[in-house]
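Each remark here refers to the structure printed beneath this line.
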Amino acid sequence: DAGVIQSPRHEVTEMGQEVTLRCKPISGHNSLFWYRQTMMRGLELLIYFNNNVPIDDSGMPEDRFSAKMPNASFSTLKIQPSEPRDSAVYFCASSSLQGNIQYFGAGTRLSVL
Amino acid sequence: DAKTTQPTSMDCAEGRAANLPCNHSTISGNEYVYWYRQIHSQGPQYIIHGLKNNETNEMASLIITEDRKSSTLILPHATLRDTAVYYCIVRVAGGGNKLTFGTGTQLKVEL
């Protein structure tokens with residue numbers, strides 16, 4: 001299994017631009033999580049889905065952030081418009097509902113100039 | 001989820017056992033203790049979890065006190081590649097539940 005696949009690995013954009021981060025969970029997993037990591041705030045959960053349905057989006061910082069999971073094998077995290085304070089590493093993770101282990105992707109390092 | 005307390009950093013000599021403590025005095029009866037680690041520039045990696053019995057796998061051992069208010073992760077023979085931030089997390093079991101990360105312990109394994 002290829003594991004959780006995130007793209008792009010690195011993204012550099014200018015303030016005000018739209019950014020879309022992508023995640024492909026492990027096949028057969030039905031829970032998907034988006035995390036953000038910064039030096040100041042550490043690793044924090046943004047949103048998670050069970051069976052493609054958003055369960056908890058209380059970690060989404062503001063309306064500029066949105067996440068979708070149109071099917072079991074794909075999810076996006078969109079920031080529009082992006083701001084310099086959004087610069088961080090964004091991780092996607094997946095697990096099975098019955099399992100206990102979350103598997104993380106390699107992350108997307110976002111820099112907003 | 002119950003809050004955990006870990007030392008900020010620890011050092012360990014290569015080849016020796018690394019013992020990482022975690023306090024979780026407010027843990028509930030249905031909450032498990034999970035350990036993840038994050039090697040620099042990588043995503044977090046699952047290590048081990050347990051409810052009340054001690055657990056061992058190919059990576060580590062987990063010792064949970066009888067009152068379940070604290071635990072210790074043991075890496076029996078630490079190597080340089082074990083240098084990472086180790087997170088102790090307490091949560092209800094089930095893949096559909098979120099992880100709440102604290103600040104973790106920065107373990108540095110040295111020659």
**Q.** Backbone HN-Hα couplings from phi across the range A:34-44 [Karplus 6.51/-1.76/1.60, Hz, Gly and Pro as x]
**A.** 10, 10, 10, 10, 10, 4, 6, 10, x, 8, 10
**Q.** Cα pair distances in the protein assembly as shown, grouped into 5 Å bins until the bin that holds the longest one, percent each
**A.** 1, 7, 14, 18, 18, 16, 12, 8, 4, 1, 0
Q.
Give me B:Ile39, B:Ile63 sorted ascending by neighbouring Cβ count inside 10 Å, so fewest comes first.
A. B:Ile39, B:Ile63
Q. What Cys residues in the protein assembly as shown have no fellow cysteine's beta-carbon under 4.7 angstrom?
A. B:Cys12
Q: Could you work out, for the range A:26-113, what percent of all Cα-Cα pairs fall into each 5 Å distance bin, beginning at 0 Å and stopping at the bin that holds the largest distance?
A: 3, 14, 25, 27, 17, 9, 4, 1, 0
Q: Can you grab the distance from the C-alpha centre of the range B:9-34 to the C-alpha centre of the range A:41-113, Å, no decimals?
A: 27 Å
Q.
When the expected Rg is taken as 2.2 N^0.38 Å, what fraction or multiple of it is the alpha-carbon Rg of the range B:47-95?
A. 1.20
Q. Taking neighbour counts of Cβ atoms within 10 Å as a proxy for exposure, in what order, fewest first, do B:Arg91, A:Arg64 appear?
A. A:Arg64, B:Arg91
Q | Beta bridge orientation in chain B: antiparallel %, DSSP, nearest 5 | A | 85 percent
Q. Across the range A:85-91, in residue order, what do the Karplus-derived ³J(HN,Hα) couplings come to in whole Hz, using 6.51 cos²θ - 1.76 cosθ + 1.60 with θ = phi - 60° and x for Gly and Pro?
A. 6, 7, 4, 5, 9, 9, 10
Q. Under Stokes-Einstein, with the Kirkwood radius over Cα pairs standing in for Rh, what whole-number D in µm²/s applies to the range B:1-96 at 10 °C and 1.306 mPa s?
A. 116 µm²/s
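Roughly how crowded by other chains is peptide A:41-49, in terms of the mean Cβ count from those chains within 10 Å of each of its Cβ atoms?
Going residue by residue through A:41-49 and averaging, the value is 3.
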Q) Counting other C-beta atoms within 10 Å, which of A:His29, B:His24, A:His10 has the fewest, and how do the rest follow? A) A:His10, A:His29, B:His24
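FYI, it's all coordinate maths here, none of it is from the lab. A quick note: this is a predicted structure, and the numbers were derived from the prediction, not measured. A quick note on method: Cβ atoms are made from the backbone with ideal geometry, for glycine too, and the neighbour counts reach across all protein chains shown.
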